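**Q** If you scroll down you'll find the structure; I have some questions about it.
The values are calculated or read from the model by the stated rules, or taken from the named source; none is laboratory data. Worth saying up front: this structure is predicted, and the values here are computed from it rather than measured. Note that we place each Cβ from the backbone using ideal geometry, even for glycine, and neighbour counts take in every protein chain shown.
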Amino acid sequence: MKTDIILNENERIDDLQIRGLRIIQNPDLFCFGIDAVLLSYYARAKEGDRVIDLCTGNGAIPILMSAKTDAESFTGLEIQEGSADLARRSVILNGLEDRINIVCGDLKNAVELFGGSSFEVLTVNPPYMTEHHGLVNPDAPKAIARHELLCSLEDVISVSAGLLKPQGLFFMVHRPHRLVDIFSLMRKYGIEPKRMRMVHPYADKEPNMVLIEGSRGGRSNLITDPPLFVYKDKNVYTDEIYEIYSNA
């Protein structure tokens, strides 16, 4: 693991709390949150699998998944060069160049970049909000990460279908209020919803995230996992969240 990484202004190195892995973050861009940790926990990959993470940001999901799976390789695709640069340097920081490749490019061109049916597993933590939800600065990196400015939900799902091998696994974290759109588009592009888990901030609150698994060309059979509760008290995680963070 390399330690001579040069940090730019406003950058910091955070401990990922698993196998000594660390990640470079810049609050001026977009730091990863609990949604990325939960997705890396929810997704799975077998030995020899090729995994691609769309909208990879600073590479948190492939770095975390490299510690918990025996997948052969991970590719992170990110459209913003600043975030892709953070991800590349984090890969080097952790000595993972032989397993993780970060590519700066447009998600809409991913099939041309990597070839169709090239991956056994795909993960994505896409922008949650449409361009009509409270947008302030359409050129800001955070706005691009949060809002569907450079890709739509349909782009994400159609491209995912093109990248996955038959029976390949699709994992996404999103917002529950988009579930009808998500399932409709998954069916449209041949990714069958197979499993979902609602994530609630507290046991008495409505869910604010949903974890979804699909299979390209899979049979119809949706399993609803038990709800996941994040906090048991103010600023106090539940035991399951502590376990997820220690095993993400």
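**Q** Output the residues belonging to region 29-45 that are assigned to a loop (DSSP other than H, G, I, E, B) and in contact with a strand residue (DSSP E or B) (Cβ under 8 Å, 6 or more places away or on another chain).
**A** Residues of region 29-45 assigned to a loop (DSSP other than H, G, I, E, B): 29-33, 43-45.
Correct list: Cys31, Phe32, Ala43, Arg44, Ala45.
**Q** Hey, could you check region 82-101 for residues that are under 19 Å from Cys151 (Cα atoms) and under 16 Å from the mean Cα position of the chain (by Cα) and say which is surrounded by the fewest Cβ atoms within 10 Å (Cβ to Cβ)? Write out each step before concluding.
**A** Here is the first cut: in region 82-101, the residues under 19 Å from Cys151 (Cα atoms) are 82-84.
With the extra rule that they be under 16 Å from the mean Cα position of the chain (by Cα), the set shrinks to 83-84.
Numbers: Ser83: 24, Ala84: 21.
Only one residue fits best here, namely Ala84.
**Q** Output the residues belonging to region 169-199 that are within 23 Å of Ile241 (Cβ to Cβ) and surrounded by 18 or more Cβ atoms within 10 Å (Cβ to Cβ).
**A** Phe171, Met172, Val173, His174, Met196, Arg197, Met198, Val199
**Q** Go through region 112-167 and report how many residues are at pLDDT 60 or above and outside any strand (DSSP E or B). Please lay out each step first, then the result.
**A** Here is the first cut: in region 112-167, the residues at pLDDT 60 or above are 112-128, 130, 140, 150-167.
If we keep only those that are outside any strand (DSSP E or B) too, we end up with 112-118, 125-128, 130, 140, 150-163.
Qualifying residue count, region 112-167: 27.
**Q** I would also like to ask the following. When the residues of region 168-185 are narrowed to those that are β-branched (Val, Ile, Thr) and assigned to a helix (DSSP H, G or I), which ends up nearest to the chain's Cα centre (by Cα)?
**A** Restricting attention to region 168-185, the residues satisfying the condition of being β-branched (Val, Ile, Thr) are 173, 180, 182.
Now drop any that are not assigned to a helix (DSSP H, G or I), which leaves 180, 182.
Working: Val180: 20, Ile182: 16 Å.
Per the criteria, the residue is Ile182.
**Q** Considering only residues of region 70-84 that are of a type outside the set (A, V, I, L, M) and in contact with a strand residue (DSSP E or B) (Cβ under 8 Å, 6 or more places away or on another chain), which is farthest from Leu7 (Cα to Cα)?
**A** By that ranking, first place goes to Glu72.
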